[in-house]
């Protein structure tokens, strides 16, 4: 399956999908040293986003979250790529400066069609699209 | 968003810093629905204190290789770069903070280290800016009539390196209309009026009716507090600010009464200068000190290095009375305030942030009350 999306942070990434159906804050919800989700309210509590394609609806919370993505990159536990339903400034700018490809506004309902464990490719150059291989 | 040929080229630049900065501006423009980029007169960059951005921010700044193409000012750091020892700052923090400052200097950012860049270079009505410090944003939009969104430190730096910012939000006249009337009752201190108004109306743009004519400094205190407790990027004040009668008057209104916010704690530090004091405020502080006598507990006054240098004699007289006048930092962004129990401030912004960011109790008093406490 393949569908278009809007390019926010440029690059190419592929990997195993990890899907959260709830909004994510990178300040507080994610451990910046391990990439493990530590927000108990999260539907992926205890799982790691490190090296994966992180799919979630939107960001929330503090602007300091931008720097969390940089810290995760430095610690080697950042997601390889991000697919969001709708991005906002905090995650968008964080992804750009950390060099994590990010697309949003996908033409498919990603929270339905992508499941954790699927293999996902994120193409984010002049044009953006997402390819999903069901596991 | 429409990009010119030249902007398209910057998106493909061989210089990674320029490419990333352009990517940030385009991403923000897309997210917020801007039609194009607009040239800016200046940028003001926040996220300067090491306490705020940490090693990740520091190393990112050091990795950048470009120069700003418009005037760009740095917000306050975590210390007075000369008198940091007197503030009780350790040398490890000093070293890290100075690396941040050197990185910014290398990018061509002016090391102003102030939240009041409008005292150094006042923008004109209608100028587009990319400023990040919330109190400076409110002042520029409201009191001057320049146009800026509330940028993040990173997006402001990106705008400085490209010389442009995406044209959305407060850059467009239609988004600057007041959404609610705020009526301030008699006897409410302007900083407290801003603090209460922000709690009542959140991020809405108010048209404020004050019971009396306020000075620019008083409007500065009002706006800083409003932005801190609510989140608005601008306000209009009836008959005081340049755009107040350019829009329809909103129907909805709220009243700000003289509320009691006294925490009742016993101040062991009195701190003035959030936002940084003007020359006029320094004169007022000095005349109050002459009235009430020598300072008998810790009293810190924060201003920009430029304003301090331009008022050397006055500052010396204030220090002879026992107060300390520090530059480059403030009670909110410096870890130095964290070691006190209770800090008395004349700022609604500091009153909002000191407990949250520094973990200390705050007590509010107007400038005269602050000086009285410091001297008794």
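Coordinate-derived values only; no laboratory data. Remember, it's a predicted structure, so these values are computed and weren't measured experimentally. All Cβ positions, even for glycine, are placed from backbone atoms using ideal geometry, and neighbour counts span all protein chains on display.
For every helix of n ≥ 4 consecutive DSSP H residues, a contribution of -39,500 (n - 2.57) applies; sum these over chain A, divide by its total residues, and give [θ] at 222 nm rounded to the nearest 500 deg cm²/dmol. Calculated from helices alone, the mean residue ellipticity at 222 nm is -5000 deg cm²/dmol. Available extension along the chain between residue B:62 and residue B:249 is 62.5 nm, counting 0.36 nm per residue and deducting the alpha carbon span. Helical runs assigned H by DSSP (4 residues or longer) give chain B a calculated mean residue ellipticity at 222 nm of -11000 deg cm²/dmol, each run adding -39500 (n - 2.57) before division by the residue total.
Compactness of chain B is given as radius of gyration and Dmax, 20.5, 66 Å, from Cα positions. Mean silhouette area of region B:180-256, derived from the convex hull of its C-alpha atoms and averaged over all directions, reads 4.3 nm². Taking other Cβ atoms within 10 Å as a rough exposure proxy, B:301, B:48 sort from fewest to most as B:301, B:48. Entry for region B:326-369 at q = 0.18, 0.27, 0.30 Å⁻¹: log10 I(q)/I(0) = -0.46, -0.97, -1.12, Debye formula applied to identical alpha-carbon scatterers, no solvent contribution. Working note: Cα gyration tensor of chain A, eigenvalues times five, square-rooted, sorted largest first, giving semi-axes of 20, 16, 13 Å. Counting every alpha-carbon pair across region B:41-114, the share separated by more than 19 Å comes to 30%. The simple Förster model, with R0 at 60 Å and r as the Cβ-Cβ distance, assigns residue A:115 and residue B:261 a FRET efficiency of 0.75.
Sorting the segments A:80-86, B:144-150, B:86-92 by their residues' average number of neighbouring beta-carbon atoms within 10 angstrom, most packed first, yields B:144-150, A:80-86, B:86-92. Bridges between two residues of the protein assembly as shown, per DSSP, are antiparallel at a rate of about 35%. With a Förster radius of 45 Å applied to the C-beta separation of residue A:88 and residue B:319, the computed FRET efficiency comes to 0.45.
Compared with the rule-of-thumb size 2.2 N^0.38 Å for a compact globular protein, region B:241-332 has a Cα radius of gyration ratio of 1.46. Each listed q (0.11 Å⁻¹) maps to a log10 I(q)/I(0) for region B:1-126, found by the Debye formula over equal Cα scatterers with no solvent: -0.47.
For the pair residue B:4 and residue A:40, label points projected 7 Å from Cα toward Cβ lie 5.5 nm apart. Placing a pseudo-label 7 Å from each Cα along the Cα-to-Cβ vector at residue B:95 and residue B:174 gives an inter-label distance of 5.5 nm.
Let me know the whole percent of all Cα-Cα pairs from the protein assembly as shown that are separated by more than 31 Å. More than 31 Å apart: 48 percent of the Cα pairs in the protein assembly as shown.
Across region B:269-375, the fraction of Cα-Cα pairs farther apart than 20 Å, rounded to a whole number, is 31%.
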